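The numbers here are math on the coordinates, done by the rules we state, and not lab data. Only a predicted model underlies this, so the values are computations on that prediction, with no experimental measurement involved. No Cβ is skipped: glycine too gets one built from the backbone with ideal geometry, and neighbour counts run over all protein chains shown.
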Amino acid sequence: MNFLAYSIVTTIALNTIILVIINSELLKRKKDFAESENQKLKVGNLEAQKQVLLQQIHPHFLFNALSTLKSLIQESPVQAEDYSIKLSEFLRYSVQSHSTELVSLEDELQFTNDYIDLQKVRFGNGFHCTVNIPENVLQDKLPVFALQTLVENALKHNGFTPKRRYLFP
């Protein structure tokens with residue numbers, strides 16, 4: 001009888017240990033899965049916030065750009081043609097880079113230079129921007145729209161006129 005009781009207790013103990021190990025592994029897997037899903041949701045949320053921001057910025061920018069283009073068509077058709085080419089390059093980059101997280105500094109710089117050229121036409125002599133970036137960093141990566149946003153914010157938050165010019169930097 002002692003042997004039977006010992007066998008039953010041993011079997012119950014082993015089964016309990018096995019169940020604890022299995023439950024621990026299942027809980028760990030559930031936790032890992034939940035953390036993975038949480039991370040995916042965070043990334044999706046950030047992407048959605050980025051999309052909302054881009055959708056808010058582009059209509060306002062496009063309205064100003066088209067108004068400038070309309071004025072140029074009447075005043076200087078040659079300059080209007082150049083402006084429309086810069087605008088189309090700017091918009092093409094915006095659309096193509098929409099799903100990209102990081103871009104080369106060289107690509108972002110070209111995009112930002114197009115933006116600067118558009119703003120120079122819009123603001124005339126009131127705005128001057130010089131960009132000096134060493135060639136050895138042109139292949140470095142940075143978030144898409146980072147430079148353009150910097151220039152845009154500098155323009156937005158600084159009052160300037162042709163008499164009181166804004167030099168960036």
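Do we have any residue at all in the range 1-22 that's out of contact with any Leu (no Cβ under 8 Å at 6 or more places or on another chain), loosely packed, with under 10 Cβ neighbours inside 10 Å and of a type in the set (S, T, N, Q)?
Yes, because at least one residue in the range 1-22 is out of contact with any Leu (no Cβ under 8 Å at 6 or more places or on another chain), loosely packed, with under 10 Cβ neighbours inside 10 Å and of a type in the set (S, T, N, Q).
Within the range 70-88, is even one residue in contact with a Phe, Trp or Tyr (Cβ under 9 Å, 6 or more places away or on another chain) and under 17 Å from LEU150 (Cβ atoms)?
Taking every residue of the range 70-88 in turn, none turns out to be in contact with a Phe, Trp or Tyr (Cβ under 9 Å, 6 or more places away or on another chain) and under 17 Å from LEU150 (Cβ atoms).
Can you pull out every residue in the range 130-158 that is loosely packed, with under 12 Cβ neighbours inside 10 Å, acidic (Asp, Glu) and either touching a residue at least 12 places away in the same chain (Cβ under 8 Å) or part of a loop (DSSP other than H, G, I, E, B) (or both)?
None; the set is empty.
Please indicate, with yes or no, whether at least one residue in the range 108-127 is surrounded by fewer than 18 Cβ atoms within 10 Å (Cβ to Cβ) and touching a Leu at 6+ places or on another chain (Cβ under 6 Å).
Looking for residues that are surrounded by fewer than 18 Cβ atoms within 10 Å (Cβ to Cβ) and touching a Leu at 6+ places or on another chain (Cβ under 6 Å), one finds none in the range 108-127, hence no.
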